[in-house]
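The values are calculated or read from the model by the stated rules, or taken from the named source; none is laboratory data. Predicted model only: the values in this text are computed from it and were never measured. Please note: Cβ atoms are built from the backbone with ideal geometry, for glycine as well, and neighbour counts cover all protein chains shown. Just so you know, the surface numbers come from the protein's heavy atoms only, side chains and all, with ligands and any DNA or RNA stripped out. Shrake-Rupley method; radii C 1.70, N 1.55, O 1.52, S 1.80 Å.
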Amino acid sequence: MSDTSPERAGGADGADRDALAQTIVFSGVSVVRDGRTALDRLSIGFEETRIGIVGLNGSGKSTLLKCIIGLVKPTAGTITVDGRDAVGEARAVRRSTGFLFQDPDNQIVMPLVGEDLAFGLKNHGFSKAEIGARVDAALTRLAIGHLADRRIHELSGGEKQLVALAGVLALTPKTVLFDEPTAHLDLKNRNRLRDVLHAMPEQAIVVSHDLDLLADFPRVVLIEAGRIVHDGPAAETLARHREASR
Amino acid sequence: MIAALARPGTSALHRTPAAPKLLGLAVAATALFFVDHHGLLAAAFVAALAVARSTGASFAAIGRDLRGPAVVLAVLGLADWVMVDRATAVTVVLRLGAIALLAHAVTVTTSTAELGEVLERLFRPAERLGLLDATRAALTVTLAIRFVPLIVEEARAIREAQAARGLEGSIVALVVPLMVRVIVRSEALADAIDARGFPPEHAVSSTNERR
Amino acid sequence: MTTRDLGLVALMAAVIVALGAVPAIPLAGGVPITLQSMGVMLAGLVLGPRRGAATVLVVIALVALGLPVLSGGRGGLAVFVGPTAGFLFGWVLAAFVTGFLAQVLEATEKSTLVRTAQLTLAAIAGGIVVLYLCGILWLAFFVKMGLAKAFMVSLPFVPGDLAKAIVAALVTVKVRQAVAIERR
């Protein structure tokens, strides 16, 4: 556990990962919503392949994640992803940056599994043949090929989360943003998601209350009232977070 | 309820594309409204029954799926008999019965995805008139199909929770939480749809930009 | 229409369908009442005129697609030429008028009682007056029942719908206390 090098963190080849990772830069970002400050003049850069974000409810973690793909527009400051502006070039940023939401029921929009995986691909203009191939590949990658023709409402919570993730991975993003990915999962599915996360070559930024999930991340950021209060290896940041939330 | 949708099969109707089937249904339904002759209507009813059977559905299955409409039809026939005359009652029951059977045949042989595509095409003329955005309208309808089972499930869960608090009969105690959840969910849903690259590249226009 | 509107309309349409699945309550005289038409009032009262009407249009599209979404499991194009089609098409106008009047009438600074009364009035005007006008005209002229008979067969449903208008108004006041939502 003391070894927090990126290679160790995911178990995949380190060189591959660096090729995928994007450089995400927040410069003086503030977000004020309904008179509440969610992010407070935040400046930080992310380029590692595994980044954890922790903090109490309402600390601004989810807002930070949503800012990266332009779902939340900053009141002040800018966010860039590999040099592209998160708001002005949102389409390109969303093409290379996937987002896994906390509740898969809000993310899955089509009645059938196969149709849902095709949704994002259609939006990004892939051909019918390409869509078919990518849907198959994404389902195979997560070992859920048998779900292809199933109706969403017949699936378990864990299966839904994997389908939502397959929909993200089908676009072969460089980065996947995870917003509390295990909050709705039981222990078995939590372990399964952790395995999937660890095996991914893609860059992953994970917001979570599930500290075990982040335990071997090389970098974990602690956020409080919209500000970064600690930034370091998992062991260090998590210890501080545990201490502070007592 | 909404699960009584397409049933996989290999019948001639299953192999026919959705658009001609829907068009055929519309033409047949309209035509039947100009027929008052009992013999012709009875023939149409038998023919419609044969079409419904040709999809591979048993009489029992057809009966099960059409129980709701059958009750409405029976009440209506009775009302017509009492208030107008027997001839009108026979006309109405045969006509509407035939249409219901044909509609059922189309429904069980067409997949949701196919229906959605037909819908988007149907919306195009309205889009050209500036009335709506066909891509968005079609997605809205598909989303509704996707969420019906979830909302039904949510309603049942709320009912159970309220029953535990002794509020099982209260409509307000059911509908208020249901509506609040829907409003909260719509926010997360919109974020997820945007995150997944909607609207499609070719459909992007200045009026489509969110907020 | 923003993506948020799109989601809200789709989810509200699903609520209307779900309310059709809640078992009907048999009223005096054997007239069944279902909660579905209350869903139409709610669409107008909570979402406002345009989104409310859009919600009903989505439900109608589902009916056209042949899905058994109406109470009693009815659906399919047959409904559009059936005897109750006037009430189905009338829903669009009903939701719009209800939403429009809710926007105009509801004075948020007033007491809960006053607001409930104002919203009930909006639901009655849209969900009963306008709706029955559409439904009765259809019955009278398309089903050739004649105005008087069409009126008579529709009358037994009025008490149930009045009750629904009051409940819809109560629900709306409580929902708007819980979450902020504009009418559009």
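Simple spin-label model, 7 Å along Cα-to-Cβ: A:Lys73 to C:Val114 in nm?
Taking the two extended label points, one gets 3.7 nm.
Could you give the nm distance between label points at A:His184 and A:Val87, where each point is 7 Å from its Cα heading toward the beta carbon?
Label at A:His184, label at A:Val87, 3.0 nm between them.
How large are Rg and Dmax for region A:15-68 when only the alpha carbon atoms are used, in Å?
Computed over the Cα atoms of region A:15-68, radius of gyration and Dmax are 13.0, 44 Å.
What number results when the radius of gyration of region A:201-246, computed over Cα atoms, is divided by 2.2 N^0.38 Å? Each step should come with its number before you reach the end.
On the way: Rg = 10.5 Å, N = 46, 2.2 N^0.38 = 9.4 Å.
Taking N as the residue count of region A:201-246, the ratio is 1.11.
How many Cβ atoms of partner chains, on average, are near each residue of C:170-179 if near means within 10 Å of its Cβ?
The mean count of partner-chain Cβ atoms within 10 Å per residue comes to 5.
In Å and whole numbers, how far do the C-alpha atoms of the protein assembly as shown stretch along each principal axis, longest first?
Taking max minus min along each principal axis of the Cα atoms, the protein assembly as shown gives 89, 61, 49 Å.
What is the P(r) of region A:46-105, as percent of Cα-Cα pairs per 10 Å bin from 0?
Values per bin, smallest distances first: 20, 52, 27, 1.
By per-residue mean of other Cβ atoms within 10 Å, what is the highest-first order of A:130-141, B:100-111?
B:100-111, A:130-141
Over chain A, with a Gaussian network built from C-alpha contacts below 10 Å, which listed residue (A:Leu177, A:Leu142, A:Leu213) shows the highest mean-square fluctuation?
A:Leu142
Which residue fluctuates the most in chain C, going by a Gaussian network model with Cα springs under 10 Å, if the choices are C:Val114, C:Val15, C:Val92?
C:Val114
If I take R0 = 25 Å and measure r between the Cβ atoms of B:Ala157 and C:Leu162 in this structure, what FRET efficiency does the formula 1/(1 + (r/R0)^6) give, to the nearest 0.05?
Between B:Ala157 and C:Leu162 the formula returns 0.25.
What does the structure give for B:72-81 when I average, per residue, the other chain Cβ atoms found within 10 Å of the residue Cβ?
Counting Cβ atoms of other protein chains within 10 Å of each residue's Cβ and averaging gives 3.
Quick one: Debye curve from the alpha-carbon atoms of region C:110-184 only, equal weights, vacuum; give me log10 I(q)/I(0) at q = 0.16, 0.20 Å⁻¹ to two decimals.
-0.65, -0.83
Roughly how many Å² of A:Arg194 are accessible to a 1.4 Å probe, to the nearest 10?
Roll a 1.4 Å probe over it and A:Arg194 shows about 70 Å².
From the P(r) of region A:164-222, could you give the percentage of C-alpha pairs in the tail past 18 Å?
Value for region A:164-222: 30 percent of Cα pairs lie more than 18 Å apart.
Taking the Kirkwood radius as the inverse of the mean 1/r across Cα pairs, report the Rg/Rh of region B:1-91.
1.00
What does the average come to when, for each residue of peptide C:56-66, you count the partner chain Cβ atoms lying within 10 Å of its Cβ?
Per-residue shielding by partner chains comes out at 6.
Please state the charge dipole magnitude for region A:48-206, taken about the Cα centre, from unit charges on C-beta atoms (+1 on K and R, -1 on D and E), reported in debye and rounded to the nearest 20.
It works out to roughly 180 debye.
Compute the distance in nm between two label points, each set 7 Å from the Cα along the Cα-to-Cβ direction, one at C:Ala148 and one at C:Leu105.
My value for the distance between the label points is 3.3 nm.
Would you pull out the residues with amide H under 5 Å of A:Asp82's amide H, same chain only if 5 or more places away, H placed 1.01 Å from N?
For A:Asp82, whose amide H was placed from the backbone, the distant partners under 5 Å are A:Thr23, A:Ile24, A:Val25.
Given the protein assembly as shown, what percent of its DSSP beta bridges are antiparallel, to the nearest 5?
Antiparallel bridges make up about 60 percent of those DSSP assigns within the protein assembly as shown.
How big is chain A by the Kirkwood estimate over distinct Cα pairs, in Å?
On the way: mean 1/r = 0.0544 Å⁻¹.
For chain A, inverting the mean 1/r across all distinct Cα pairs yields 18.4 Å.
How large is the dipole of the protein assembly as shown about the Cα centre if only Lys and Arg carry +1 and Asp and Glu carry -1, each at its Cβ, rounded to the nearest 20 debye?
1520 debye
Over chain C, what lengths in whole Å, largest first, do the semi-axes of the equivalent ellipsoid take, defined as the square roots of 5 times the eigenvalues of the alpha-carbon gyration tensor?
Equivalent ellipsoid semi-axes, largest first: 26, 19, 15 Å.
May I ask for the Kirkwood hydrodynamic radius of region A:137-246, worked out over all distinct Cα pairs and given in angstroms to one decimal? Write out the running numbers ahead of the final one.
Values: mean 1/r = 0.0652 Å⁻¹.
In region A:137-246 this quantity evaluates to 15.3 Å.
Mean projection of the alpha-carbon convex hull of region B:78-198 over all orientations, in nm²? Walk me through the numbers before you get to the answer.
Details: hull surface 51.8 nm².
Projected area, direction-averaged: 12.9 nm².
Tell me, what is the per residue accessible area of chain C in Å², probe radius 1.4 Å?
Here the per-residue accessible area is 37 Å².
Projected onto the charge dipole of the protein assembly as shown (+1 at Lys/Arg Cβ, -1 at Asp/Glu Cβ, origin at the Cα centre), which of C:Ser37, A:Gln203, A:Ile24 gives the Cα projection farthest towards the positive end?
C:Ser37
Quickly estimate the mean residue ellipticity at 222 nm for chain B, helices only: each DSSP H run with n ≥ 4 gives -39500 (n - 2.57), and the total goes over all residues, rounded to 500. Let's see the in-between values first.
Details: 9 runs with 156 residues, N = 211.
Calculated mean residue ellipticity at 222 nm is -25000 deg cm²/dmol.
For chain A, what does -39500 (n - 2.57) per DSSP helix run (n ≥ 4), summed and divided by total residues, give at 222 nm, in deg cm²/dmol to the nearest 500?
Calculated from helices alone, the mean residue ellipticity at 222 nm is -11000 deg cm²/dmol.
If we sort C:129-142, B:173-186 on the protection proxy, mean other Cβ atoms within 10 Å, highest first, what's the order? Please report the intermediate quantities before stating the final value.
Working: C:129-142: 19.1, B:173-186: 20.7.
Per-residue Cβ counts within 10 Å, averaged per peptide and sorted highest first, yield B:173-186, C:129-142.
Which whole number of Å³ per residue matches the convex hull of the alpha-carbon atoms in region B:104-168?
With only Cα atoms used, region B:104-168 gives 123 Å³ per residue.
Measure nothing fancy, just the Cα-based angle from helix B:171-195's long axis to the longest principal axis of chain B, in degrees from 0 to 90, nearest 10.
70 degrees
Per residue, how much space in cubic angstrom lies within the convex hull of the C-alpha atoms of region A:71-190? Intermediate results must be reported in sequence, preceding the final value.
Details: hull volume 13.5 nm³, N = 120.
Given the Cα convex hull of region A:71-190, per-residue volume reads 113 Å³.
Looking at B:Thr109, B:Leu32, B:Leu122, which one has the Cα that reaches farthest to the positive end of the dipole of chain B (charges on Cβ: Lys, Arg +1; Asp, Glu -1)?
B:Thr109
Among A:Leu171, A:Val87, A:His241, pick out the residue whose Cα is farthest towards the positive end of the charge dipole of chain A, where Lys and Arg carry +1 and Asp and Glu carry -1 on C-beta, about the Cα centre.
A:Val87
When the convex hull of the C-alpha atoms of region B:6-164 is computed, what volume per residue in Å³ does it have? All intermediate terms of the calculation are to be shown ahead of the outcome.
Details: hull volume 29.2 nm³, N = 159.
Value for region B:6-164: 183 Å³ per residue.
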